[in-house]
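Presented below is the structure to which this report refers.
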Amino acid sequence: MRISKYLLIIIIFIMTSCHKDDDSVAPIDQLPPATQTGAGTFGCLVNGEAFIDNSGSFNCFYQLVSGEYYFGLSGAKEDYFIRQIFLASNNKSIEEGNTYLLMANIEGSVYAECSFQGVGVSADTGETMIGELHITTFNFETYIVSGTFWFDLKDPISGETVKIREGRFDSHFTQ
């Protein structure tokens, strides 16, 4: 009788210790892989939590307007304090293999911007809140752009620094 009691305790211990749910997966492991195939992915860590585009489709473009290039890519997540993350160039071309400093949204720059849920306010990188965008693939034949990014910005409500890290995207773009 004692053997079966110990066996039952061991079985219960094994069953409860093997239970695995979504919360046990590290946030970085929840992000989409860093591919370069036009997979249609966008993800990053926001203050250590996974932010993965769940909109079903996101916008990515690279357009020539009045002789100047404009790049734009946005990822969205419903029911999160940041509703949308936007990476863009303002009158500046981008090239494969280059890393761009994310600064203020002024002519000739590359910048990042976030819109916050429920407040109708956005914040962008600037002179003191900066980051980087690295373009790993930029192909005009297949219309694929992929890359990595990180940046900081100030939450317009709390004033605290929001840290965007391990960002990655892989998308087709329109012209």
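We did not get these values from a lab; they are worked out from the coordinates using the rules stated. Nothing here was measured: the structure is a model prediction, and the numbers come from that model. When we count neighbours, we look across all protein chains shown, and the Cβ atoms used for this are built from the backbone with ideal geometry, even at glycine.
Along region 39-44 the Karplus relation, 6.51 cos²θ - 1.76 cosθ + 1.60 evaluated at θ = phi - 60°, assigns HN-Hα couplings of 5, x, 10, 8, x, 6 Hz to successive residues, with x for each Gly and Pro. 3J(HN,Hα) couplings calculated from phi for region 112-118 with the Karplus curve 6.51 cos²θ - 1.76 cosθ + 1.60 (θ = phi - 60°) are, in sequence order, 10, 9, 10, 9, 9, 4, x Hz; Gly and Pro show x.
Between residue 172 and residue 99, the C-beta separation translates, for a Förster distance of 25 Å, into a calculated FRET efficiency of about 0.70. Got the relative contact order for region 35-172 handy, in percent, Cα pairs under 8 Å and 6 or more residues apart? Rounded, it is 26 percent for region 35-172. Placing +1 on the Cβ of every Lys and Arg and -1 on the Cβ of every Asp and Glu, with nothing else charged, gives region 35-172 a dipole about its Cα centre of roughly 100 debye. Counting only DSSP H runs of at least 4 residues, each contributing -39500 (n - 2.57), and dividing by the residue count of the chain, the helix-based mean residue ellipticity at 222 nm comes to -3500 deg cm²/dmol. Could you pull out which residues in region 24-57 have an amide N less than 16 Å from a spot 7 Å beyond the Cα of residue 117, following the Cα-Cβ vector? From region 24-57, the list is 44-56.
Its alpha carbons give the chain an Rg and a Dmax of 20.8, 86 Å. Modelled spin labels at residue 29 and residue 148, positioned 7 Å past Cα toward Cβ, are 2.0 nm from each other. Given springs between every Cα pair under 10 Å in a Gaussian network model of the chain, which of 159, 40, 147 has the largest fluctuation? Highest fluctuation of the listed residues: 159. Report the local net charge at residue 152: Lys and Arg +1, Asp and Glu -1, summed over other residues whose C-beta lies under 10 Å from its C-beta. Net local charge, residue 152 excluded: +3.
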